[in-house]
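**Q** Please find one structure pasted underneath; my questions will follow.
Any read-out appearing in this document is the output of simple, stated calculations on the displayed coordinates, not a laboratory observation. Quantities reported herein were computed from a predicted structural model and do not represent experimental measurements. Every residue, glycine as well, gets a Cβ built from its backbone with ideal geometry; the counts of neighbours run over all protein chains shown.
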Amino acid sequence: MQQFAAPGEILRDVSRHGSGSDPPEPTTPERTRTDGSVAHKWIGERKLLHLREWATDKVHRLPEPATSELVIGSESSVDFQIVDPNRRVSRRHARLVCTQDGWHIEDLGSRNGVRYDGWLPPPGPGRVQYQLLPGMEIGIGGIILVVENETFVRLRSYLARILGWDSARQVGVDLAMRAVRAAFEKCAPRLEIVSPDDLVAVARQIHLRISPPDAPFVVCGKCTRAPDDSLQLTAVKRASAALPLAHGGTVCVRTTELPTDYRAVQQALETSDSIQSYVCATTVPVLPPAHRLVVPIVVPELAARAPSDLGKIIQEYALDACRGFGASASMLSEREQACVVERDATSFADIEIATRRIVAFRTFGNVHQAAPHVGLSHVGLGKWLKGRGLVE
């Protein structure tokens, strides 16, 4: 498995990146390689959409239907022109080849080579093709190209929602994507999410975007909280009870409420190929840097976000609810959005629950039909809507 850069190395690179130098890259794997292969899991759809330049919105779209060959380089005549401020991209640096099993990339004898998740293959006779997989980071000179399918597009969109949409946050969003992928592929033992706010709802949303449909999401801890039935999660007190329930899915713990038996099963949890481990904490660091392979996802407090951001966050959760209920995408009315801002914008979880209830009522037409979809009785949903002035 590939290994990702330690937090100190990444953060030093991030600080340099702000002044126009190379983006932070995964480090060279320590395991012995005999064939240049990298161990990966597929995340989501097999179809690849594009290569996106690190910490930007600039994408190089893969054609549909696929062509037989695309050239990447610095000259204007190539298919994907890469502009590297450090001028380390060759005129014809690499080529993409489409075969029956997907897109592959090979170095065209460039001066600086092609890096795969930070790994630079040793020189050797002949040209070797490497398959492109979702989330893979391809280093071309001083530029990183992130391979994305629809799953990674949705994941990046959600991470931008919780971290911020401004350009200063783009490096952090890509580092967060790297952390999610590392945990999913077991290159890192866990995904760490940090904020003073309660982030179990955020962890669940990340889980939903990279896991198969109906994969379980299990929260465990000393003080289990009554979950909102509409959010489809399971809560248990003991980690040993969470393991069988979470097979094929995710176990999430809060560091403030660790299960009493967590340490006893932690290794089994973090080495399981069938379970992801998410840890939500209120402060940094969750673990000493020496024990961490990727930086934690540090989520700004919701109260610190700009009012314009808050409105966009609410509307995106409403669109999530529309998709979940199979309804046509539509925005909340000004009245509905103002209600969520005033009454429910205290956490990501509260915003998600409130928007789901409003969208369900609108989609199904009355409280009797909407209530089962949001884990309430029709009386409970009616009182909730009436208390916010959304029904008479």
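**Q** For the stretch 175-219 and the stretch 112-129, write down the distance between their C-alpha centroids in whole Å.
**A** 31 Å
**Q** Which angle between 0 and 90 degrees, to the nearest 10, do you get for helix 378-387 versus the longest principal axis of the chain when only C-alpha atoms count?
**A** With rounding to tens, the tilt is 90 degrees.
**Q** So how tilted is helix 7-17 from the main axis of the chain? Cα-based, degrees 0 to 90, rounded to 10.
**A** Once rounded, the angle reads 70 degrees.
**Q** Quick one: if the Förster radius is 56 Å, what FRET efficiency do Ala235 and Ser77 give, using the C-beta to C-beta distance and rounding to 0.05?
**A** 0.45
**Q** Based on the mean of other beta carbon atoms within 10 Å per residue, what is the order of 116-129, 307-320, most packed first?
**A** Peptide ranking by packing, descending: 307-320, 116-129.
**Q** Amide H neighbours of Val71 under 5 Å, at least 5 residues apart or on other chains, H built in the peptide plane: list them.
**A** Answer set, sorted by chain and number: Asp79, Phe80, Leu96.
**Q** I'd like the FRET efficiency for Arg92 and His368, computed as 1/(1 + (r/R0)^6) with the beta carbon distance as r and R0 of 45 Å, rounded to 0.05.
**A** Computed FRET efficiency for Arg92 and His368 comes out at 0.10.
**Q** How do 360-371, 242-253, 173-184 rank on mean C-beta neighbours within 10 Å, highest first?
**A** 173-184, 242-253, 360-371
**Q** How many angstrom separate the Cα center of the stretch 297-335 from the Cα center of the stretch 41-84?
**A** 30 Å
**Q** Follow-up. Explain nothing, just compute: Karplus ³J(HN,Hα) = 6.51 cos²θ - 1.76 cosθ + 1.60, θ = phi - 60°, for every residue of the stretch 254-266 in order, whole Hz, x for Gly and Pro.
**A** For the stretch 254-266, the Karplus-derived couplings read 9, 5, 7, 9, 4, x, 4, 9, 4, 4, 5, 10, 4 Hz, x marking Gly and Pro.
**Q** Please work out, to two decimal places, the log10 of the ratio I(q)/I(0) at q = 0.19, 0.27 Å⁻¹ from a Debye calculation in which every Cα of the stretch 305-387 carries one identical scatterer.
**A** Taken in order of the listed q values, log10 I(q)/I(0) reads -0.76, -1.43.
**Q** Which of the lysines could be linked to Lys312 by a straight reach, that is with a Cα gap under 25 Å, when you skip same-chain ones fewer than 8 residues away?
**A** In chain and number order, the partners are Lys58, Lys386.
**Q** Direction-averaged shadow area of the convex hull around the Cα atoms of the chain, nm²?
**A** So the Cα hull casts an average projection of 20.9 nm².
**Q** By how many degrees, 0 to 90 and rounded to 10, does the Cα axis of helix 334-343 deviate from the longest principal axis of the chain?
**A** Between the helix axis and the principal axis of the chain, the angle is about 80 degrees.
**Q** By a straight-distance test (C-alpha under 12 Å), which aspartates and glutamates pair with Lys237 as possible cross-link partners, with residues fewer than eight away in the same chain excluded?
**A** By straight Cα distance, Lys237 reaches Glu257, Asp261.
**Q** Hey, another quick one. Could you give the C-alpha radius of gyration of the stretch 248-382 expressed as a fraction of 2.2 N^0.38 Å, taking N as the number of residues it contains?
**A** That works out to 1.33 for the stretch 248-382.
**Q** Next question. Which of the peptides 373-379, 90-96 is most tightly packed, and how do the rest follow, judged by the mean count of other Cβ atoms within 10 Å per residue?
**A** For the peptides 373-379, 90-96, the packing ranking is 90-96, 373-379.
**Q** For the stretch 96-193, what is the convex hull (Cα atoms) projected area averaged across all directions, in square nanometres?
**A** Taking the Cα atoms of the stretch 96-193, their convex hull projects to 7.7 nm² on average.
**Q** Under 5 Å between amide hydrogens, which residues at least 5 positions from Tyr116 or on another chain qualify, with H placed 1.01 Å from N in the peptide plane?
**A** Residues meeting the criterion, in which the H sits 1.01 Å from N, are Gly139.
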